[in-house]
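The values are calculated or read from the model by the stated rules, or taken from the named source; none is laboratory data. Quantities reported herein were computed from a predicted structural model and do not represent experimental measurements. Positions of Cβ are generated from backbone atoms using ideal geometry, with glycine treated the same way; all protein chains shown enter the neighbour counts.
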Amino acid sequence: AQRVTQPEKLLSVFKGAPVELKCNYSYSGSPELFWYVQYSRQRLQLLLRHISRESIKGFTADLNKGETSFHLKKPFAQEEDSAMYYCALSGWNAGNMLTFGGGTRLMVKP
Amino acid sequence: NAGVTQTPKFQVLKTGQSMTLQCAQDMNHNSMYWYRQDPGMGLRLIYYSASEGTTDKGEVPNGYNVSRLNKREFSLRLESAAPSQTSVYFCASRGTRTGEFEAFFGQGTRLTVV
């Protein structure tokens, strides 16, 4: 079975502070991992994917297979980063389930 | 290009009533998914369809049925609604060809069962 765990339901930081949203997973194989974001009144959308290893809106995430983690980080949070963040996992085979974690609400205070 | 379209956006049902949530995508994606979103529970997979003609149970399938009508459409049916099914429902689609990995979501259906 595949599972994604986001231990923090709410993370509140001040503008300019570093942010780390935690994600742990379990999967018997090599997973494909993603971070999705849902801004207020908007659709859920892809933020980044582990394989691309790129920075989107200042966010980065590194896959740690030893710790089975895929934490999302940003060195300096901005107020516009306030949103719901979901970590997601899929197998590499076509048509695999896409499983989401419980989500973390990030609040960036001015 | 509409992406993923869900109908209706809002619905109130009485306990025991039935309804079907409709979802259609215009991106020629093979895979489609139905999720429910509850506070503190995140997105939980109800059913998914890897390709036209196939459907599989997700994490929370009880009380729901699905139909993959064709490649574009994937409907979710509640045969006898219960208050525990009050939730926001999201449909998503995802391609399975090389280079396709992003899931695209509908705007959601807010369902209240009283």
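Odds and ends about this structure:
- Scanning region A:11-48 for residues that are hydrophobic (A, V, I, L, M, F, W, C) and more than 10 Å from every other protein chain (Cβ to nearest Cβ) yields A:Leu11, A:Val13, A:Phe14, A:Ala17, A:Val19, A:Leu21, A:Cys23, A:Leu33, A:Trp35, A:Val37, A:Leu47, A:Leu48.
- Region A:24-54, residues that are out of contact with any helix residue (DSSP H, G or I) (no Cβ under 9 Å at 6 or more places or on another chain), more than 16 Å from A:Ala83 (Cα to Cα) and either surrounded by 12 or more Cβ atoms within 10 Å (Cβ to Cβ) or modelled with pLDDT of 95 or more (or both): A:Asn24, A:Tyr25, A:Ser26, A:Tyr27, A:Arg49, A:His50, A:Ile51
- Count - residues of region A:71-81 that are surrounded by fewer than 20 Cβ atoms within 10 Å (Cβ to Cβ) and either among the aliphatic types (A, V, I, L, M) or in contact with a Ser or Thr (Cβ under 8 Å, 6 or more places away or on another chain) (or both): 1
- Scanning region A:62-77 for residues that are of a type in the set (A, V, I, L, M, F, W, C) and either free of Cβ contacts under 8 Å to residues at least 60 places away in the same chain or not in a loop (DSSP other than H, G, I, E, B) (or both) yields A:Leu63, A:Phe70, A:Leu72.
- Considering (1) touching a residue at least 24 places away in the same chain (Cβ under 8 Å); (2) under 12 Å from the mean Cα position of the chain (by Cα), the lone condition that B:Pro83 does not fulfil carries the number (2).
- Selection count where residues are in contact with a Ser or Thr (Cβ under 8 Å, 6 or more places away or on another chain), of a type outside the set (Ser, Thr, Tyr), more than 22 Å from A:Tyr36 (Cα to Cα) and not in a loop (DSSP other than H, G, I, E, B), scope region B:75-97: 4
- Positions within region B:36-86 being touching a strand residue (DSSP E or B) at 6+ places or on another chain (Cβ under 8 Å) and at positive phi, in sequence order: B:Gly42, B:Gly53, B:Gly63
- Selection over region B:36-57 of residues that are outside any loop (DSSP other than H, G, I, E, B) and either in contact with an Asp or Glu (Cβ under 8 Å, 6 or more places away or on another chain) or more than 7 Å from chain A (Cβ to nearest Cβ) (or both) gives a count of 11.
- Restricted to region B:1-37, and to residues there that are over 14 Å from the mean Cα position of the chain (by Cα) and free of Cβ contacts under 8 Å to residues at least 60 places away in the same chain, the residue that is farthest from B:Ser93 (Cα to Cα) is B:Asn1.
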